[in-house]
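Heads up, the thing below is written out as structure tokens.
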Amino acid sequence: MRKKEDKYDFRAFGLAIKKARMKKGLTREQVGAMIEIDPRYLTNIENKGQHPSLQVFYDLVSLPEVSVDEFFLLVSDLVKSTRRRQLEKQLDNLSDKDLIIMESVADGIIKSKEVEDE
């Protein structure tokens, strides 16, 4: 039996890992040390879409809190993007008073879009 030629393209995943790593202010060397891989391996994943091993894949998505849903699930309205997950993480650090302000901001954005649509 022939091996299936269609392989998943990991370039978008690699770019998301790179963006999340940089947002956290981590170098490839630091991430490599944390998950015990060579920084060059991480470079190839981030820049060339090299297929990571399952363990490295797991370690990478666990470390920078990147959502893999956006890369593997096809149902877009069930997917939480990396940006949404990062925002949720930030919201976890806010007080109830802060969340009232954030809710008001979100309501204002929604209302302004409704006005634009009229």
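When each of ASP77, ASP98 is tested for being loosely packed, with under 13 Cβ neighbours inside 10 Å, modelled with pLDDT under 90 and either of a type outside the set (Lys, Arg) or part of a helix (DSSP H, G or I) (or both), the lone residue that passes is ASP77. For region 45-67, residues that are part of a helix (DSSP H, G or I), exposed (fewer than 15 other Cβ atoms within 10 Å of the Cβ) and not aromatic (Phe, Trp, Tyr) total 5.
The values are calculated or read from the model by the stated rules, or taken from the named source; none is laboratory data. Computed from a predicted model, the values in this text were never measured in an experiment. When we count neighbours, we look across all protein chains shown, and the Cβ atoms used for this are built from the backbone with ideal geometry, even at glycine.
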